[in-house]
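To start, the structure itself, in structure tokens.
The values are calculated or read from the model by the stated rules, or taken from the named source; none is laboratory data. Keep in mind it's a predicted model, so treat the numbers as computed, not measured. All Cβ positions, glycine included, derive from the backbone under ideal geometry; neighbour counts span all protein chains shown. Ligands, DNA and RNA are stripped out before the accessible areas are found, and what is left, the full protein with its side chains, is counted by its heavy atoms. Shrake-Rupley method; radii C 1.70, N 1.55, O 1.52, S 1.80 Å.
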Amino acid sequence: MDKHKLWKWLTLAFLVIWSIALVTPLDQKIKLGLDLKGGSSFVIEVDSEDISKKMVESGDADSVETIDRSELEKKIKEVQEIAVEVIRNRIDVLGTSEPEIYPEGDNRIVVRIPGADAETRAEAKEQISSDAVLTFKLVHKESNLWTRELMMEGKIPYGFKMVGNGELLIRDVAVLDAELDREFYETLKNFGNKRADFMLMEEKLKDGSRVFRPTYVERRKQLGGDTVADAFVTYDEMTSVPKISLELDGEGKKAFGKVTEQYGPKEDGSYRLLAIILDDKLYSSPRINEPIYSGRAEISGSFSVVEARQLVNVLRAGSLPGRVKIVEERTVAPTLGKDSINSGIQAIIYGGVGILLFMALYYMLPGLIANLSLVFVLLLLPVGMMVSAGFLGVVSGSLEGDTVGLPTLTLYGIAGIVLTIGMAVDANVLIFERMREEWKVGKSISGAINAGYNKAFSTILDANVTTLLTAVILFWQGSGPIRGFAVTLCAGILVSMFIVLVMTRLFFNTLADYKIIKTLKMASIPGLANASFDFMGKRKVAAVISLLVILGTWGLFIQKGDANLGVDFTGGSVITVEFDQKQDIETVRGALAQAGFGTANIAYQADLHGKEFLEVKVGTSGEESEPALNAVKALDGNYQDVKNDSVGSQIGAELKSKGIKAIIWALIGIIIYISIRFEFAYAMGAITALAHDVLITIGIYCALGYELSMPIIAALLTIVGYSVNDTIVVFDRIREDLHVVKGKSYKEIANLSINQTLSRTVMTSFTTLLTVVMLLIFGGGAVKDFALALFIGILVGTYSSIFVATPVVLFWHKDEQVK
């Protein structure tokens with residue numbers, strides 16, 4: 001054995017050992033995504049408006065309007081960096097297993113909590129949302145006078161009613177909780193148009209009822225919560241009501257002593273009240289009786305024990321330097337994650353076994369070598385995924401945690417593995433068909449093998465580079481599970497190219513050298529071996545059919561409007577729940593209507609085992625959608641969370657924009673690459689075919705009643721990569737035949753080239769569809785929708801490479817005779 005072959009064998013052995021080491025032991029090395037393990041994820045955004053106000057309050061700017069954009073962005077970035085650590089400290093207190101918390105972009109933070117149940121999720125959401133901004137201010141001297149004037153004039157803030165002698169207010173039960181949100185209380189500060197902030201202090205009466213005391217608080221801050229050294233829960237000796245005791249640090253003690261000394265009781269008997277405010281909520285206003293130099297303070301209020309402990313946790317973790325808001329929330333129940341793993345494994349096994357059997361039966365000994373190469377592709381995927389994750393992270397500037405390692409395995413990652421199995425066969429089929437041609441013209445075994453690889457190389461390279469381009473764009477514009485799919489797809493392309501072009505060639509040459517393989521026996525499809533169909537003669541009929549399908553399906557698409565779009569693009573919430581007994585849809589609709597969601601979409605969805613889940617879609621997200629979830633929870637039948645997706649309208653608009661940009665960038669990249677590798681006419685043919693594929697896939701998919709989402713954009717980009725792969729195979733043969741065949745028209749050569757590659761087109765479409773069908777059968781849920789889009793796209797892409805792409809090139813060279 002020569003040195004070159006020995007080094008190749010040693011390289012393969014090293015990569016296999018490295019790859020196995022990366023995933024061994026499986027339960028420790030492979031991190032499962034939330035869609036497989038269950039849990040919750042939040043996308044948090046730094047509130048730029050709040051940061052602007054704080055810059056004005058701190059004297060960094062005269063007004064919000066005069067703030068320099070670059071300075072604001074710099075401040076937001078600073079807040080993001082601090083907020084990551086504060087939120088990490090808060091989540092760690094919950095004791096959750098391996099939470100992921102990292103910055104995304106310049107103003108967002110991603111929090112993923114694997115295995116979180118409903119209680120943990122609610123507490124995490126509370127910890128994330130709480131600013132924990134503690135401030136000490138003074139109650140205004142004229143507070144009592146001003147509030148009495150308001151009550152006497154009958155001026156009561158919206159959502160409240162006056163009780164007793166007019167000094168106290170109660171909540172108006174007719175007003176929904178959702179209306180009295182953070183923005184409401186921010187606006188409430190201006191009530192009465194005084195030189196102070198109007199605030200409501202909640203008090204609990206002896207009979208257990210809750211009332212609110214109107215109070216005007218000075219706007220100037222006396223002391224900030226950043227001086228808190230420790231916080232803990234204590235209990236009132238008389239009532240056992242929980243309170244929060246604070247201990248201030250050195251600077252805080254000095255400042256607190258100075259404030260209490262300055263505003264202590266005066267000789268004339270006057271005194272001041274200290275307003276203790278947490279997250280813009282007035283909790284207590286104790287009288288300053290004497291200077292306090294010990295640095296100890298107390299927050300009393302209508303706390304439950306749980307609420308008091310939660311507040312202590314956030315105070316200990318530190319306050320956020322600026323307000324943040326949850327703009328996206330997704331939850332998957334652990335049971336659904338387990339089902340997803342099982343269905344994914346089934347899809348891999350059945351898809352893999354189907355391809356192995358087909359390749360062995362159709363291509364015989366070469367097929368067995370191809371099967372061996374598929375095994376090695378799967379073995380080397382971990383190395384490929386690590387390299388791809390690092391490469392894509394560097395390219396997009398978004399390495400999660402700034403580390404390179406195995407990416408988190410998601411449900412779409414499993415879909416990528418299944419698809420990799422199907423697409424890895426493509427290169428083998430290309431080479432085998434070329435080897436068959438070379439063997440038929442009388443070349444030796446070694447000659448046919450080497451000629452097959454050499455002639456197929458440029459086609460394989462061009463096809464895989466364009467698919468790789470779509471994977472990079474998908475990672476760049478995608479997020480979360482979609483990036484997992486992009487990494488897997490990218491890894492599959494790189495690994496399969498290495499195995500097929502280097503290692504399987506080594507296998508073949510080694511077998512040929514030792515005279516183990518003496519002939520190339522392969523089956524063939526009747527009618528395709530020497531096919532001579534007049535495809536170009538039918539191009540006008542095909543054009544009419546395509547046009548009718550596009551017009552028909554897109555007519556329906558336009559008619560349905562936003563109903564074609566999922567919450568990923570429109571914003572809103574999708575609540576998926578399970579009950580012990582099936583709920584009548586009208587009963588659910590009535591409960592939601594009472595909660596203010598009369599236009600909610602309600603339907604039942606079934607999994608692979610026939611189990612039905614209730615799915616409710618509403619147009620609001622976050623806190624605004626909570627009443628809908630509570631209305632569903634209140635129904636009889638032992639409610640259980642299955643999956644909840646809540647996407648803010650801003651995120652929805654951004655995802656829609658990203659989806660469109662991803663497709664446009666992919667098309668531009670393909671135009672440039674094909675123009676360089678072939679010529680502009682071929683680029684126009686490929687782009688026309690891709691536009692045709694995307695339009696028909698979207699049209700048919702939505703006509704069947706499905707909604708577009710970010711995973712479907714991922715499917716469309718995969719279709720773009722697959723379709724251009726198919727098209728390049730035909731283009732490459734046309735380019736070759738133009739140099740070999742003389743005296744024929746461009747139309748005749750185009751027909752000849754399509755017929756020559758027809759067997760390969762049918763074979764690769766069949767093997768890829770086989771794996772997609774396995775995803776359709778076993779995928780379930782969102783992956784089933786993803787697989788359906790792929791199924792439609794692969795069929796349409798196979799058709800367009802023949803009847804759309806090539807006719808466009810022919811139009812560019814019409815009546816041209818090859819000399």
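Along the axis of the charge dipole computed for the stretch 206-247 (Cβ charges of +1 for Lys and Arg, -1 for Asp and Glu, origin at the Cα centre), the listed residues Gly225, Pro214, Val241 are led at the positive end by Pro214.
For q values of 0.11, 0.20 Å⁻¹, compute log₁₀ I(q)/I(0) with the Debye formula on a Cα-only model of the stretch 491-563, without solvent. Values returned for q = 0.11, 0.20 Å⁻¹ are -0.73, -0.93.
Normalised by the number of residues in the chain, the average gap of Cα pairs under 8 Å and 6 or more apart makes the relative contact order 14 percent.
Only helices enter the 222 nm calculation for the chain: every DSSP H run of n ≥ 4 contributes -39,500 (n - 2.57), and dividing by all residues gives -19000 deg cm²/dmol, rounded to 500.
Computed FRET efficiency, Cβ-Cβ of Glu142 and Thr599, R0 60 Å: what is it to the nearest 0.05?
Taking R0 as 60 Å, the efficiency between Glu142 and Thr599 is 0.80.
Between the beta carbons of Leu704 and Glu626, assuming R0 = 30 Å, the FRET efficiency works out to 0.40 to the nearest 0.05.
What's the lysine pair count for the stretch 690-819 at a Cα cut-off below 24 Å, pairs eight or more apart or interchain?
Qualifying lysine pairs in the stretch 690-819: 6.
Listed cross-link partners Lys8/Lys31; Lys161/Lys243; Lys77/Lys325 are compared with a 21 Å cut-off, the Cα-Cα value being larger for Lys8/Lys31; Lys161/Lys243.
Ranked by the mean number of other Cβ atoms within 10 Å of their residues, highest first, the peptides 191-204, 796-809, 523-536 fall in the order 796-809, 191-204, 523-536.
Bridging of Lys521 to lysines at a Cα separation below 16 Å is possible for Lys440, Lys443, once same-chain residues fewer than 8 apart are set aside. Shown here is the pair-distance distribution of the stretch 749-810: with all Cα-Cα distances grouped in 5 Å bins from zero up to the longest one, the shares run 4, 18, 23, 19, 13, 10, 8, 4, 1, 0 percent. Under 5 Å from the amide H of Lys744 lie the amide H atoms of Val818, each residue being 5 or more positions distant or on a separate chain, with H modelled from the backbone and absent for Pro and chain starts.
May I ask you to order 108-115, 305-312 by the average number of other C-beta atoms within 10 Å around their residues, highest value first? Could the numbers behind the result be given before it?
Details: 108-115: 21.5, 305-312: 17.1.
My ranking of the peptides, most packed first, is 108-115, 305-312.
Amide H contacts of Phe191: Phe198, each under 5 Å away and 5 or more positions distant or on a separate chain (H built 1.01 Å from N in the peptide plane; Pro and chain starts excluded).
Residues whose amide H lies under 5 Å from that of Phe232, counting only those 5 or more places away or on a different chain, are Ser245; hydrogens are built 1.01 Å from N in the peptide plane. Share of carbon and sulfur in the accessible area of the stretch 1-64 stands at 62%, probe radius 1.4 Å.
Sorting check: for 375-383, 66-74, which peptide has the highest mean count of neighbouring beta carbons within 10 Å, and how do the rest follow?
Highest-to-lowest ranking by the protection proxy: 375-383, 66-74.
Listed by chain and number, the lysines whose alpha-carbon sits under 16 Å from that of Lys633, ignoring those within fewer than 8 places in the same chain, are Lys582, Lys617, Lys643. The charge dipole of the chain, taken about the Cα centre with unit charges on the Cβ atoms of Lys, Arg (+1) and Asp, Glu (-1), comes to about 3300 debye, rounded to the nearest 20.
Modelled spin labels at Asn342 and Val305, positioned 7 Å past Cα toward Cβ, are 3.9 nm from each other. At q = 0.06, 0.07, 0.10 Å⁻¹, what log₁₀ I(q)/I(0) does the chain have when each alpha carbon counts as one equal point scatterer in the Debye sum? Each listed q corresponds, in turn, to -0.51, -0.65, -1.08. Here the stretch 630-692 and the stretch 466-508 have alpha carbon centers that stand 19 Å from each other.
What separates the Cα centres of the stretch 706-775 and the stretch 148-170 is a distance of 75 Å.
Accessible surface area normalised per residue over the chain is 46 Å², counting heavy atoms of protein chains with a 1.4 Å rolling probe. Which loop-located trypsin sites (Lys or Arg not before Pro) does the stretch 557-596 contain, where loop means any DSSP state but H, G, I, E or B and the Cβ has at most 13 other Cβ atoms within 10 Å? Of the trypsin sites (Lys or Arg not before Pro), the ones in loops of the stretch 557-596 whose Cβ has at most 13 other Cβ atoms within 10 Å are Lys582. Checking every one of the chymotrypsin sites (Phe, Trp or Tyr not before Pro) in the stretch 476-530 against DSSP loop status and a limit of 14 other Cβ atoms within 10 Å picks out Tyr514. Plainly put, the stretch 9-139 has a radius of gyration that is 1.17 times its Kirkwood radius, both from alpha-carbon atoms, as the Rg/Rh ratio.
Which helices, counted as full DSSP H runs in the chain, have an axial Cα extent of no less than 27 Å and a Kyte-Doolittle average of 0.5 or above? In the chain, the long hydrophobic H runs are 3-22, 334-396, 411-440, 445-477, 539-560, 649-677, 680-703, 710-740, 758-778, 781-803.
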